[in-house]
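Peer 1: Input: one structure, supplied below.
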Amino acid sequence: MTFDLRELYQEVILDHAKQPRNFGHPPACNRQAKGHNPLCGDRLTVYLTIEDGVVTDAAFEGAGCAISMASASLMTEMVKNKTEAEAHSLFELFHALVAGDQGENAENAGDGADLGKLAVFSGVREYPVRVKCATLPWHAFAAALKGKQDDVTTEE
Amino acid sequence: MTTAAGIRRQVQRDSDRLAFDVRRVREDFPILKQRVNGRPLVFLDSAASAQKPRAVIRAVQQCYEREYANIHRGVYFLSERATELFEGARVKVQRFLGAREAREIIFVRGATEAINLVAQTYGRKFLNRADEVVLSTLEHHSNIVPWQMLRDEKGLTLRIIPIDDSGALRMEEYEKLLGTRTKLVAVTHCSNALGIVTPVKEIIRLAHEKGIPVLVDGCQAVPHMPVDVRDLDCDFYVFSGHKLYGPSGIGALYGKAALLEAMPPYQGGGDMISTVTFEKTEYNVIPHKFEAGTPNIAGAIGLGAAIDYVSGLGFDEIVDHEQELLEYATEALAETNSLRLFGTVEDKVCILSFIIEGVHPHDIGTILDHEGIAIRAGHHCAQPLMDRFGVTATARASFGLYNTREDVDALVAGVRKAVEFFG
């Protein structure tokens, strides 16, 4: 397989796509939101447990491509034990990383600062049509944080 | 019989006949010469939009370089020339579809606009509360949403012809749907997502027994088989030029003259009127009544050139070539482990829709793109059909007259790489 594809599909991504972590619906969760990508039909639901402004548990259910499944899986690992504000700024950093946003966030995102394992998604920016695959779980996560009831889509 | 498999059976492998020379055909399509990601382009997304032969590109270019002016207006040479070419293209569409008269051909942006036109004119005038429109599970969103909009406006009911697991329409269920409240049947001639050719002639016959008019979406049929609207006896037939190797932004609506004459205009504006005062407007005759504003003049001329091109190659040759590819590709893909093919009927055009266990169609699409292979991954604007099969998306390889066995080989090798990569 070519080098380029490995840039997109890094081992960590393939591993999380095949064996997603935190997959399921925790009975104790107190917030949830559905995400839908109308371009490909992928759907997933993010479940959060928020206690005193801290994400104490995060999980998801759904079906999608390797990028969206791995993104959801890694996201649920990364947001745990973060405050709502910290988790939200992680989303902004992540978005800047995969969408190649300009500005301050992009500089931070460029070197993978604070992104931890999420840096494995840096290859996504070379694939504009796949950016929404990576951000779908995060849109659902942000909606769950806000306590939104309606489904969110990647087109909002 | 005008179905693809019927044609295939009819075609005699006459040794005297010149074989379809796909190498020479490919020379007509400049875009196919390029490389993508360092590999020769393998274009397998013609069902979304087909590539254009040089004859079409030249016709559009020549129009703008030598023959362009507004039509139906000027008393000068160029306007007359452009009008002649534009109306000449209408005659080409008429003959291509086997319509009785050129005035039964309305130029539109594409099949989507054609269906919206029928819904908003015929539908608004002749359909009323509690009336029913029959569609099929195979429909593209463009033959669903315009009817839903009309349903919501008028209080109609949409009835859906179910399919069996092979994707074939369940004709016995269709017959049961046709009742006294049924006012229109709108069905595809060929499924864009699966390639299945529907028994439209029988669908039309059964509807006509009850006096119900039928609209046929011919987008995926016209590039792959001869169509004769008088033989089918359909009331409306729509297609898009860009899937027929013509320019984008041009398509045609065929309607029986009596129906078109009874329908109110679609959009108001210039060219669709005969006289205008501030008190009253007299509408122009068909087809002009439905063609408000300056149309896509170069597009229509380009579509005429595409029809000439396809007709020049001949459907006997095209059908033979594409059916051979279909057979070859179906067999080759079937040998791939954990691959599930949708639309497993005999009467098909060369479209292969599939999923692979454990590999999402989007990921297949990305892996293939790296090999220079363009396929479509997604719901193909046919979400109800995807729901029927319990999937959110499939990978779809769709072939045109310029595709080769080597393209199939590249597809199969690419698909196997994807299986290995994610396996």
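Peer 1: Right, B:Ala329: under 20 Å from B:Gln51 (Cβ atoms), away from chain A (no Cβ under 11 Å) and within 20 Å of the chain's Cα centre (by Cα) or not?
Peer 2: Values: under 20 Å from B:Gln51 (Cβ atoms): yes; away from chain A (no Cβ under 11 Å): yes; within 20 Å of the chain's Cα centre (by Cα): no.
The answer is no for B:Ala329.
Peer 1: Among the residues of segment A:1-43, which ones are away from chain B (no Cβ under 14 Å), of a type in the set (Gly, Ala, Ser) and part of a strand (DSSP E or B)? Can you show your working first?
Peer 2: Step one: list which residues in segment A:1-43 are away from chain B (no Cβ under 14 Å), which gives A:12, A:21-33.
Filter again for of a type in the set (Gly, Ala, Ser), leaving A:24, A:28, A:33.
Hit for segment A:1-43 is A:Ala33, nothing else.
The rows are residues; the columns are (1) of a type in the set (S, T, N, Q); (2) at pLDDT 95 or above; (3) outside the structural domain of B:Ile286 (by TED's automatic domain parsing).
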{"position": "B:Gly38", "(1), (2), (3)": "no, no, yes"}
{"position": "B:Leu44", "(1), (2), (3)": "no, yes, yes"}
{"position": "B:Val75", "(1), (2), (3)": "no, no, no"}
{"position": "B:Gly88", "(1), (2), (3)": "no, yes, no"}
{"position": "B:Glu101", "(1), (2), (3)": "no, yes, no"}
{"position": "B:Gly110", "(1), (2), (3)": "no, yes, no"}
{"position": "B:Tyr122", "(1), (2), (3)": "no, yes, no"}
{"position": "B:Glu132", "(1), (2), (3)": "no, yes, no"}
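Peer 1: Would it be correct to say that B:Val349 is more than 11 Å from chain A (Cβ to nearest Cβ), touching a Phe, Trp or Tyr at 6+ places or on another chain (Cβ under 6 Å) and modelled with pLDDT of 95 or more? Full working, then the answer.
Peer 2: Values: more than 11 Å from chain A (Cβ to nearest Cβ): yes; touching a Phe, Trp or Tyr at 6+ places or on another chain (Cβ under 6 Å): no; modelled with pLDDT of 95 or more: yes.
Criteria not met by B:Val349.
Peer 1: Which numbered condition trips up B:Val419, out of (1) at pLDDT below 95; (2) within 22 Å of A:Pro38 (Cβ to Cβ); (3) not basic (Lys, Arg)?
Peer 2: Exception for B:Val419: condition (2).
Peer 1: Shifting gears a bit: Just the residues that are among the polar types (S, T, N, Q) and in contact with a strand residue (DSSP E or B) (Cβ under 8 Å, 6 or more places away or on another chain), please, taken from segment B:335-365.
Peer 2: B:Thr336, B:Ser338, B:Ser353
Peer 1: Continuing with this model, one more query. In segment B:215-267, what residues are within 13 Å of B:Ile286 (Cβ to Cβ) and not hydrophobic (A, V, I, L, M, F, W, C)?
Peer 2: Scanning segment B:215-267 gives B:Tyr254, B:Gly255, B:Lys256, B:Glu261, B:Pro264, B:Pro265, B:Tyr266.
Peer 1: Still on this structure: Can you pull out every residue in segment B:163-180 that is touching a residue at least 40 places away in the same chain (Cβ under 8 Å), surrounded by 13 or more Cβ atoms within 10 Å (Cβ to Cβ) and over 21 Å from the mean Cα position of the chain (by Cα)?
Peer 2: B:Tyr174, B:Leu177, B:Leu178, listed by residue number.
Peer 1: Go through segment B:116-155 residue by residue and tally those that are farther than 15 Å from B:Pro213 by Cβ and among the hydrophobic types (A, V, I, L, M, F, W, C).
Peer 2: 5
Peer 1: Same structure again: How about segment B:77-104: which of its residues are aromatic (Phe, Trp, Tyr) and farther than 19 Å from B:Thr294 by Cα?
Peer 2: B:Phe96, the sole residue that qualifies.
Peer 1: Now a separate question. Take the residues in segment B:407-423 that are in contact (Cβ under 8 Å) with a residue 24 or more places away in the chain and among the charged types (D, E, K, R); name whichever of them is nearest to B:Ala48 (Cα to Cα).
Peer 2: B:Asp407
Peer 1: Out of all the residues in segment A:48-90, which are more than 14 Å from every other protein chain (Cβ to nearest Cβ) and part of a loop (DSSP other than H, G, I, E, B)?
Peer 2: Scanning segment A:48-90 gives A:Asp52, A:Gly53, A:Lys80, A:Asn81, A:Lys82.
Peer 1: Also, quick follow-up: Among the candidates B:His362, B:His370, which residue alone is within 14 Å of chain A (Cβ to nearest Cβ) and buried (at least 24 other Cβ atoms within 10 Å of the Cβ)?
Peer 2: When all the criteria are applied, what remains is B:His362.
Peer 1: Separate question: Six or more apart or on different chains, Cβ under 6 Å: which pairs go from a residue in segment B:353-375 that's closer than 18 Å to A:Leu39 by Cα to one that's at pLDDT below 95 and of a type in the set (Phe, Trp, Tyr)? Could you list them?
Peer 2: Filtered contacts from segment B:353-375: B:Val359/B:Phe422.
Peer 1: OK, next. Those residues that are farther than 30 Å from A:Glu11 by Cβ and hydroxyl-bearing (Ser, Thr, Tyr), I need them from segment B:378-423; list them, please.
Peer 2: B:Ser398, B:Tyr402, B:Thr404 - these are the residues of segment B:378-423 that are farther than 30 Å from A:Glu11 by Cβ and hydroxyl-bearing (Ser, Thr, Tyr).
Peer 1: Pairs, please: C-beta under 8 Å, at least 6 apart or cross-chain, first residue within 14 Å of B:Pro247 (Cβ to Cβ) and assigned by TED's automatic domain parsing to the domain that holds B:Phe239 and in segment B:297-326, second at pLDDT below 95 and among the charged types (D, E, K, R)?
Peer 2: none
Peer 1: A further question on this structure: Across segment B:373-394, what is the number of residues that are within 21 Å of the chain's Cα centre (by Cα), facing another protein chain (nearest Cβ under 10 Å) and part of a helix (DSSP H, G or I)?
Peer 2: 2
Peer 1: Need a quick list: strands (runs of 3 or more DSSP E) entirely within segment B:207-277 having at least 2 residues that are in contact (Cβ under 8 Å) with a residue 24 or more places away in the chain, surrounded by 15 or more Cβ atoms within 10 Å (Cβ to Cβ) and in contact with a Gly (Cβ under 9 Å, 6 or more places away or on another chain). First the steps, then the outcome.
Peer 2: Working: elements: B:214-217, B:236-240, B:251-255, B:273-276.
Answer list for segment B:207-277: B:236-240, B:251-255.
The values are calculated or read from the model by the stated rules, or taken from the named source; none is laboratory data. Predicted, not measured: the structure shown is a model, and the values here were computed from it. Quick reminder, even Gly has a Cβ in these numbers, built from the backbone with ideal geometry, and neighbours come from all protein chains shown.
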